[in-house]
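Peer 1: Pasting a structure here, questions to come.
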């Protein structure tokens, strides 16, 4: 898979990534599980696993919208490629020795539908987990008009339009 293909930024057939930065939600149990799983895999292209929204993420990826990286998996290539959502997962699999053939299957039209369904299922899990953490904190969160919500268990979480395309539920 070439950089820029499948939802990335850049010309199809552009330079191949030699190193990738995967920005993941460090507060999400599914994301941290997958991060740990990825760290154990043999990588054909090195993956740097960096918490989204962290100082390290801002330092290493200065030109991207860091608010959106908290709500959608984002993969950044060393040649400026940016992949989000299903394309990010396909390219992540492409970087792994054992899963590169699977990434090629996911890059077909039928495979892309399956990859999208998997990303949507993960997003639903993440939203459910956020809602449960919010209820456990006892509610009473502080809300800002720009979409950021603070609760005493999880700290700041972004629920604005970029996080959920206007379709997510912010718990009361």
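The values are calculated or read from the model by the stated rules, or taken from the named source; none is laboratory data. Everything numeric in this text was worked out from a predicted model, so none of it was measured. FYI the Cβ positions are ideal-geometry reconstructions off the backbone, even for glycines, and counts take in every protein chain you see.
Peer 1: Hey, could you check segment 48-71 for residues that are in contact (Cβ under 8 Å) with a residue 60 or more places away in the chain and either closer than 17 Å to residue 96 by Cα or assigned to a loop (DSSP other than H, G, I, E, B) (or both) and say which is farthest from the chain's Cα centre (by Cα)?
Peer 2: So, considering only residues that are in contact (Cβ under 8 Å) with a residue 60 or more places away in the chain and either closer than 17 Å to residue 96 by Cα or assigned to a loop (DSSP other than H, G, I, E, B) (or both), the one farthest from the chain's Cα centre (by Cα) is 65.
Peer 1: Considering only residues of segment 19-34 that are buried (at least 18 other Cβ atoms within 10 Å of the Cβ) and at pLDDT below 90, which is farthest from residue 101 (Cα to Cα)?
Peer 2: 27
Peer 1: Now for a separate question. Of (1) without any contact (Cβ under 8 Å) to a residue 60 or more places away in the chain; (2) touching a helix residue (DSSP H, G or I) at 6+ places or on another chain (Cβ under 8 Å); (3) surrounded by 15 or more Cβ atoms within 10 Å (Cβ to Cβ); (4) not in a loop (DSSP other than H, G, I, E, B), residue 45 satisfies all except one. Which?
Peer 2: Failed condition: (4).
For every residue, the table says whether it meets (1) crowded, with 22+ Cβ neighbours inside 10 Å; (2) under 12 Å from residue 21 (Cα atoms).
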position: 62; (1), (2): no, no
position: 68; (1), (2): no, no
position: 71; (1), (2): yes, no
position: 79; (1), (2): no, yes
position: 90; (1), (2): yes, no
position: 96; (1), (2): no, no
position: 103; (1), (2): no, no
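Peer 1: So how many residues does segment 14-34 have that are under 22 Å from residue 80 (Cα atoms) and in contact with a strand residue (DSSP E or B) (Cβ under 9 Å, 6 or more places away or on another chain)? Steps first, please.
Peer 2: Residues of segment 14-34 that are under 22 Å from residue 80 (Cα atoms), as a first pass: 14-25.
Remaining after also requiring in contact with a strand residue (DSSP E or B) (Cβ under 9 Å, 6 or more places away or on another chain): 15-25.
Counting residues in segment 14-34 that are under 22 Å from residue 80 (Cα atoms) and in contact with a strand residue (DSSP E or B) (Cβ under 9 Å, 6 or more places away or on another chain) gives 11.
Peer 1: Moving on to the next point. Could you grab the pairs with beta carbons closer than 6 Å, sequence gap of 6+ or different chains, first residue in segment 97-108 and within 14 Å of residue 45 (Cβ to Cβ), second one surrounded by 14 or more Cβ atoms within 10 Å (Cβ to Cβ)?
Peer 2: 99/93; 100/94; 103/90; 103/93; 103/94
Peer 1: I've got another one for you. One residue is enough: does segment 78-101 have a residue meeting the conditions assigned to a helix (DSSP H, G or I) and modelled with pLDDT under 80? I'd like the intermediate steps shown before the answer.
Peer 2: Going through segment 78-101, the residues assigned to a helix (DSSP H, G or I) turn out to be 85-94, 100-101.
Applying the additional criterion that residues be modelled with pLDDT under 80 yields none.
No, segment 78-101 contains no residue that is assigned to a helix (DSSP H, G or I) and modelled with pLDDT under 80.
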